[in-house]
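Chemist: One structure is given below, represented as structure tokens, and several questions about it will come after.
The values are calculated or read from the model by the stated rules, or taken from the named source; none is laboratory data. All of these numbers come straight from a predicted model, not from anything done at the bench. As a convention, Cβ positions derive from the backbone with ideal geometry for all residues, glycine included, and neighbour counts pool all protein chains shown.
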Amino acid sequence: MNLTGKRAVVTGGSRGIGKAIVEDLVSKGCNVVFTYQSSEEAAKKIESDLTKDGIKVLSFKADASSFGEAEKTVQFAIENLGGVDILVNNAGITRDGLLLRMSENDFDTVINANLKSVFNYTKATIKPMMAQRYGKIVNITSVVAIIGNAGQANYVAAKAGVIGITKSNAREFSSRNITVNAVAPGFITTDMTAKLNEKQKEAVLSGVPLKREGTAQEVAKAVSFLCGPDSDYITGQVISVDGGMAM
């Protein structure tokens, strides 16, 4: 797959799945602006490691839940890359807990970071995409949006909302040659899953037909596919990268 010369904005790109997405897009020739919120040192290292002749990789500090900062990110990308062809809405957080113990702030914070962020960046990006009559938008949802998960009412609600906004926007933007799809990762090896003990991991893997964790790179390859020309006739879809978990 060749993405040479394409220009992407990736939210939450300094670690985990987001970092893998940035790396995979760059490996295919894409120029990338990625956002981070706290890990400036990690962001600058990614810039340094991935920038090479003919390819720009730039970081931008932004709170994904803020529409104003989303606008600033997109403007930064336009000024430094010349435009935006691809948007990957990856930024997200968790504040897990049983509903009886979940605070209103825990609920609102997760909804804003995981769902409102998709509204923010899509709204900030869609005008230039419409003007050029081309765009690829990929939203990162989760397998739990499909099957649910105890102790994650806020996260599941947000990620289910991501599926809804994906389908609505796919219908809304299709006449301008802009596709909108989602990727739903399952049990993926990240910093968050590393905190689980072996018993917890075994319990999760018992529901995964392929009997293993997925990798961030496997998720990134699905994202890159949806960002490239091979997916031009695919829109409004949710691709699960979950080892069969939500089958």
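Chemist: State all residues of the range 155-175 that are crowded, with 17+ Cβ neighbours inside 10 Å and among the polar types (S, T, N, Q); if no residue qualifies, say none.
Modeler: Thr166, Asn169
Chemist: Go through the range 29-55 and give me each residue that's β-branched (Val, Ile, Thr) and touching a residue at least 12 places away in the same chain (Cβ under 8 Å). Explain how you work it out, then say what you get.
Modeler: Restricting attention to the range 29-55, the residues satisfying the condition of being β-branched (Val, Ile, Thr) are 32-33, 35, 46, 51, 55.
Correct list: Val32, Val33, Thr35, Ile46, Ile55.
Chemist: Moving on to the next point. Can you name the residue in the range 86-101 that is without any contact (Cβ under 8 Å) to a residue 40 or more places away in the chain and exposed (fewer than 15 other Cβ atoms within 10 Å of the Cβ) and is also nearest to Gly18 (Cα to Cα) among such residues? Quick ask: steps written out before the conclusion?
Modeler: Narrowing the range 86-101 to residues without any contact (Cβ under 8 Å) to a residue 40 or more places away in the chain: 93, 100-101.
So of that shortlist, the ones also exposed (fewer than 15 other Cβ atoms within 10 Å of the Cβ) come out as 100-101.
Numbers: Leu100: 31, Arg101: 30 Å.
Once the filter is applied, the top-ranked residue is Arg101.
Chemist: Of the residues that sit in the range 1-44 and are under 19 Å from Lys72 (Cα atoms) and among the hydrophobic types (A, V, I, L, M, F, W, C), which one is farthest from the chain's Cα centre (by Cα)?
Modeler: Only one residue fits best here, namely Ala43.
Chemist: Additional query: Does Thr193 satisfy the condition of being in contact with a Phe, Trp or Tyr (Cβ under 9 Å, 6 or more places away or on another chain), under 16 Å from Gly16 (Cα atoms) and either at pLDDT below 95 or crowded, with 24+ Cβ neighbours inside 10 Å (or both)? If you could, list the steps in order and put the result at the bottom.
Modeler: Numbers: in contact with a Phe, Trp or Tyr (Cβ under 9 Å, 6 or more places away or on another chain): yes; under 16 Å from Gly16 (Cα atoms): yes; either at pLDDT below 95 or crowded, with 24+ Cβ neighbours inside 10 Å (or both): yes.
Here the answer is yes, as Thr193 does meet what is asked.
Chemist: Within the bounds of the range 181-188, is there any residue that is surrounded by fewer than 19 Cβ atoms within 10 Å (Cβ to Cβ) and in contact (Cβ under 8 Å) with a residue 40 or more places away in the chain?
Modeler: Filtering the range 181-188 for residues surrounded by fewer than 19 Cβ atoms within 10 Å (Cβ to Cβ) gives none.
For the range 181-188, residues surrounded by fewer than 19 Cβ atoms within 10 Å (Cβ to Cβ) and in contact (Cβ under 8 Å) with a residue 40 or more places away in the chain: absent.
Chemist: Considering only the range 128-150, I want to know if a residue exists there that is aromatic (Phe, Trp, Tyr), at pLDDT 95 or above and over 19 Å from Leu226 (Cβ atoms).
Modeler: As a first pass, look at the range 128-150 and keep what is aromatic (Phe, Trp, Tyr): 134.
Restricting the remaining residues to those that are at pLDDT 95 or above gives 134.
So of that shortlist, the ones also over 19 Å from Leu226 (Cβ atoms) come out as none.
No; the residues of the range 128-150 include none that is aromatic (Phe, Trp, Tyr), at pLDDT 95 or above and over 19 Å from Leu226 (Cβ atoms).
Chemist: Turning to a different aspect of this structure: Only one residue in Ile178, Ile126, Ile140 is buried (at least 19 other Cβ atoms within 10 Å of the Cβ), touching a strand residue (DSSP E or B) at 6+ places or on another chain (Cβ under 9 Å) and in contact (Cβ under 8 Å) with a residue 60 or more places away in the chain. Which one? Let's see the steps before the verdict.
Modeler: Details: Ile178 fails: in contact (Cβ under 8 Å) with a residue 60 or more places away in the chain; Ile126 fails: in contact (Cβ under 8 Å) with a residue 60 or more places away in the chain.
Selected residue: Ile140, the only one of Ile178, Ile126, Ile140 that is buried (at least 19 other Cβ atoms within 10 Å of the Cβ), touching a strand residue (DSSP E or B) at 6+ places or on another chain (Cβ under 9 Å) and in contact (Cβ under 8 Å) with a residue 60 or more places away in the chain.
Chemist: Pull up the range 157-211, narrow it to residues that are over 15 Å from the mean Cα position of the chain (by Cα) and of a type in the set (Lys, Arg), then point me to the one that is farthest from Glu104 (Cα to Cα).
Modeler: The extreme case among them is Arg176.
Chemist: For the range 173-186, does any single residue satisfy the condition of being assigned to a loop (DSSP other than H, G, I, E, B) and either over 19 Å from Val144 (Cβ atoms) or among the aliphatic types (A, V, I, L, M) (or both)?
Modeler: yes
Chemist: Scan (1) polar (S, T, N, Q); (2) within 20 Å of Ala77 (Cβ to Cβ); (3) out of contact with any Leu (no Cβ under 9 Å at 6 or more places or on another chain) for the single condition Thr125 breaks and write down its number.
Modeler: For Thr125, the failing item is (3).
Chemist: Taking the range 130-145 as the search range and keeping residues that are in contact with a helix residue (DSSP H, G or I) (Cβ under 7 Å, 6 or more places away or on another chain) and in a helix (DSSP H, G or I), which one is farthest from Val208 (Cα to Cα)?
Modeler: If we take residues in the range 130-145 being in contact with a helix residue (DSSP H, G or I) (Cβ under 7 Å, 6 or more places away or on another chain) and in a helix (DSSP H, G or I), then Met130 is farthest from Val208 (Cα to Cα).
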